[in-house]
1. Can you name the number of the only condition in (1) part of a strand (DSSP E or B); (2) on the phi < 0 side of the Ramachandran plot that ASN55 fails?
2. THR85 versus (1) surrounded by 11 or more Cβ atoms within 10 Å (Cβ to Cβ); (2) assigned to a loop (DSSP other than H, G, I, E, B); (3) at pLDDT 90 or above: which is the lone unmet condition?
3. Being under 30 Å from ARG16 (Cα atoms) and either in contact with a Phe, Trp or Tyr (Cβ under 9 Å, 6 or more places away or on another chain) or modelled with pLDDT under 80 (or both): is that true of VAL42 here?
4. For VAL50, all conditions in the list (1) aliphatic (A, V, I, L, M); (2) farther than 29 Å from ASN82 by Cβ; (3) in a helix (DSSP H, G or I) hold save one; what is the number of the exception?
5. Can you tell me how many residues in segment 1-53 are touching a residue at least 24 places away in the same chain (Cβ under 8 Å) and among the aromatic types (Phe, Trp, Tyr)?
6. Are any residues in segment 70-79 within 16 Å of ALA43 (Cβ to Cβ) and either at pLDDT 95 or above or among the aliphatic types (A, V, I, L, M) (or both), and if so, which ones?
7. Got a number for residues in segment 25-47 being part of a strand (DSSP E or B), surrounded by 15 or more Cβ atoms within 10 Å (Cβ to Cβ), more than 11 Å from the chain's Cα centre (by Cα) and not aliphatic (A, V, I, L, M)?
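The values are calculated or read from the model by the stated rules, or taken from the named source; none is laboratory data. No experiment lies behind these values; they were computed from the predicted model shown. Here Cβ is always computed from backbone atoms with ideal geometry, including for glycine, and neighbour counts include all displayed protein chains.
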Amino acid sequence: MAILGFLIHTLDEDVREVEAKVKKMPEITTYGVHQDHFIVTVAEVPADDVEKIMNKIKELDGVLTTYTTYLTIEDEIDENGNLQTNLSLTDLMRKEPKDPIN
C-alpha cells in the first residue's frame, strides 16, 4: 500500500466543486483548502495504482495540476529491502516523456 500526500491546484472559483468531487473518492481523504486554490489530500492506494489515481484526479474538470508532497511504499518492501510491486523500474525508465503541448 502506498501513502501519497499531494496538493490539487485549481482556480479559486473551482476549488469547492473539485473538493466535493475528490471527497467522493473512497481512497482519498481531504484536509481542507490552502490559499484558496490548493486542496490538501492524502491517498492510500496499492503502489501499482498511484499513477492511475493521479491521472483520475488530473482529468477532473477544474483541476490545473497536482503536486506530490509525500510518498511512501515502505510496507511493500520485503525483508531483503526489495520492493514488492508489479511496477518495473526498467519499464518506467524506458517510457518516453509525454509532450505537454500534445
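1. All conditions pass for ASN55, except number (1).
2. So the condition that THR85 fails would be (3).
3. Values: under 30 Å from ARG16 (Cα atoms): yes; either in contact with a Phe, Trp or Tyr (Cβ under 9 Å, 6 or more places away or on another chain) or modelled with pLDDT under 80 (or both): yes.
Yes.
4. (2)
5. Result for segment 1-53: 2.
6. First, the residues of segment 70-79 that are within 16 Å of ALA43 (Cβ to Cβ): 70-76.
Scanning segment 70-79 gives LEU71, ILE73.
7. The number of residues fulfilling the criteria is 2.
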